[in-house]
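These notes concern the structure reproduced below.
The values are calculated or read from the model by the stated rules, or taken from the named source; none is laboratory data. Source: prediction; values computed, not measured. Glycine gets a Cβ as well: all are built from the backbone with ideal geometry, and neighbour counts include every protein chain shown.
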Amino acid sequence: MGERRGPVAEGVILVVLRLLKINNIALIDDLEIEFGEGLNLLTGETGSGKSIIIDGLGALSGERISSDLIKQGESSARIEGVFSLVLPDDAAVAFAEAGVEVADDEIIVRRELSAAGKNRVFVNDRLVTQNFLKRIGHLFADISGQGEQAMLYDPRNHLVMLDAAAGVEKELAATTDAFRDWAEIRRELNELNEDESAKLRSLDILRFEIDEIERAGIRFGEEEELGAEKLRVVNSEKLAAASDELSDVLYDADLSTTTTLERASRRLSELAEFESEFRDFAEGIASARVVVEELAATARRFRSTLEVAPGRIDEIEMRLAELSRLKRKYGGTIEAVLDHLEKSRAKLDSIELAGFREKELSVQLAAAEARYRKCAEKLSRMRVVGAEKFKAAVEKELGFVALEKAMFEIRFTERDAFSADGTELVEFYFSANPGEPPRPLAKVASGGEVSRLMLVLRTVSGKKEVRRTAVFDEIDIGIGGRVAEAVGRRLQKLSAEQQVLCVTHQPQIASLADHHFVVEKTTKGNKTSITVRELSREERVEEVARMLAGSEITKAARENAKAMLAASR
């Protein structure tokens, strides 16, 4: 069948999976599938590996994938997908921040696995983090599988679906922000309202610690200065002897360096009168005398500092021990001790001024609560309005999947306390049969009914500004006949607005495909492999006939298959 797609509304972003490649995953050697727009269906015998293909697409959308899936005997594996889409503004910012360039509205996502456990992600050949893929992976596909039915049974997810359908993103964000402000003020106020004895204990501890550090009179660099002084004091006799000897050799002795240079200078002057070559050395001799005299003076000054007061070494040791004790107690460094002092002063001021702060916070808390209630009430009103529209849309869609008599309700209950999600809880109630009152989903829906309801909820609650590839893994479980045809028609209708990829065992659904792929498992010798190919018109007749009749395809099954395919046009 040719591609059919309705017009895309202005501002809507259409996502299309163009190509999927899988290498060395499970029983797959090398697999390459080119998908088209519209309804893409995968069929094949049970156990042929259809779900592996869905898992591969899930990995490209940010889902976890284990290195255990690497084909036996291989050291690495790869999954790659080519998507066409125009990036929404927020996603474009994320791509730019990650340094990923997008050309011709095409995005190539590749995941590489190794048996050693390494898992690398590339987007447009740029190495990115798995967190980045999780952040943008939702753009590519919206995958619904059998395991997702458990999600429908959890009421916590019902609120998320309703909010998506009601379009309350801004109101929910405002409510969440208001809740966080209120919760932060309440937390601070609760800390101030701790029991009086605890406050007094805190005050005593803070005052003691502040007094202890202040009395110590610590200053930056003191420890290093004391260490250097200690080293000089311990070695004072040796340093004094060295200084005396240096001064003596350079200046004080009869044959000192200064005396020798002076004699050399005189002889140099005498020689320079007769030979000009000696004149060039006069300046050097003079400079040497200056350096020697300055060095001798420095040695004498240093010697004068080596007079150590009695008991000084004990004073240094005691001060270093005190600094060491304070460091062990308050953080390990002098900087940490002084930082602790500043924080303790600030906390002491906060507690001492708690009475004033408590009144201030009480006023702020009342204002924050009023703001939260205002935001939450607006959110609640929009949810109620949205719930009516959502209910009507779901019940209308249920008619398209052969649940015409089903009832669907959205029930609200008040939360016991404030929440970032608002002041109410939401739960979906459902009844598939007339005369039975709606009850919670987990208590009433069969597997087949849940499959159809999941299709309906996904269709109604999905965000419309980005029409991602809708993926359904055996959503037709537990149904057949007229019901299967109804589900197929709904998938066909959905595929007019966005690309749909579906794994099915139902011939009624398979006959409606725009692109029909068969998944086959073959065994040669001891090697089993999986292949996928798109079927021609004639091959589709055989595949649909197989799905109708089983392994023995009859003439009647072929005629029935032809009729089904003709009716699907």
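General remarks:
- Qualifying residue in the stretch 299-307 (condition: within 60 Å of the chain's Cα centre (by Cα) and either modelled with pLDDT of 80 or more or in a loop (DSSP other than H, G, I, E, B) (or both)): no
- Candidates I213, I218, filtered to the one that is among the hydrophobic types (A, V, I, L, M, F, W, C), surrounded by 16 or more Cβ atoms within 10 Å (Cβ to Cβ) and outside any helix (DSSP H, G or I): I218
- Every residue from the stretch 523-545 that is assigned to a helix (DSSP H, G or I) and either surrounded by 21 or more Cβ atoms within 10 Å (Cβ to Cβ) or in contact with a Phe, Trp or Tyr (Cβ under 8 Å, 6 or more places away or on another chain) (or both): R540, V541, E543, V544, A545
- Of the set (1) farther than 21 Å from V15 by Cβ; (2) surrounded by 20 or more Cβ atoms within 10 Å (Cβ to Cβ); (3) in contact with a Ser or Thr (Cβ under 6 Å, 6 or more places away or on another chain); (4) not aliphatic (A, V, I, L, M), all apply to E520 but (2).
- Top-ranked residue in the stretch 177-210 [being in a helix (DSSP H, G or I) and of a type in the set (S, T, N, Q); ranked as nearest to A367 (Cα to Cα)]: N190
- Yes/no for A392 being surrounded by fewer than 18 Cβ atoms within 10 Å (Cβ to Cβ) and either over 33 Å from the mean Cα position of the chain (by Cα) or part of a helix (DSSP H, G or I) (or both): yes
- Residue in the stretch 478-494 that is among the polar types (S, T, N, Q) and either over 16 Å from L42 (Cβ atoms) or surrounded by 22 or more Cβ atoms within 10 Å (Cβ to Cβ) (or both) present: no
- Residues that are of a type in the set (V, I, T) and farther than 15 Å from E520 by Cα, drawn from the stretch 536-564: V541, I553, T554
- Out of L271, L255, sole residue that is surrounded by fewer than 16 Cβ atoms within 10 Å (Cβ to Cβ), on the phi < 0 side of the Ramachandran plot and in a loop (DSSP other than H, G, I, E, B): L255
- Screening the stretch 78-176 for helices (runs of 4 or more DSSP H) wholly inside it with 1 or more residues that are modelled with pLDDT under 85, more than 18 Å from the chain's Cα centre (by Cα) and surrounded by 19 or more Cβ atoms within 10 Å (Cβ to Cβ) returns the ranges 149-153.
- Checked against (1) under 30 Å from E101 (Cβ atoms); (2) in contact (Cβ under 8 Å) with a residue 24 or more places away in the chain, S51 passes all but a single condition, namely (1).
- Selection within the stretch 504-514 - touching a strand residue (DSSP E or B) at 6+ places or on another chain (Cβ under 8 Å) and buried (at least 24 other Cβ atoms within 10 Å of the Cβ): T504, I509, A510, L512, A513
- Note on the stretch 492-511: residues that are of a type in the set (A, V, I, L, M), assigned to a helix (DSSP H, G or I) and within 14 Å of R468 (Cα to Cα) total 1.
- Subset of the stretch 178-222 (residues that are without any contact (Cβ under 8 Å) to a residue 12 or more places away in the chain and either touching a His at 6+ places or on another chain (Cβ under 9 Å) or closer than 30 Å to L379 by Cβ (or both)): E184, R187, N190, E191
- For A402, the conditions (1) in a helix (DSSP H, G or I); (2) crowded, with 16+ Cβ neighbours inside 10 Å; (3) more than 34 Å from the chain's Cα centre (by Cα) all hold with the exception of (1).
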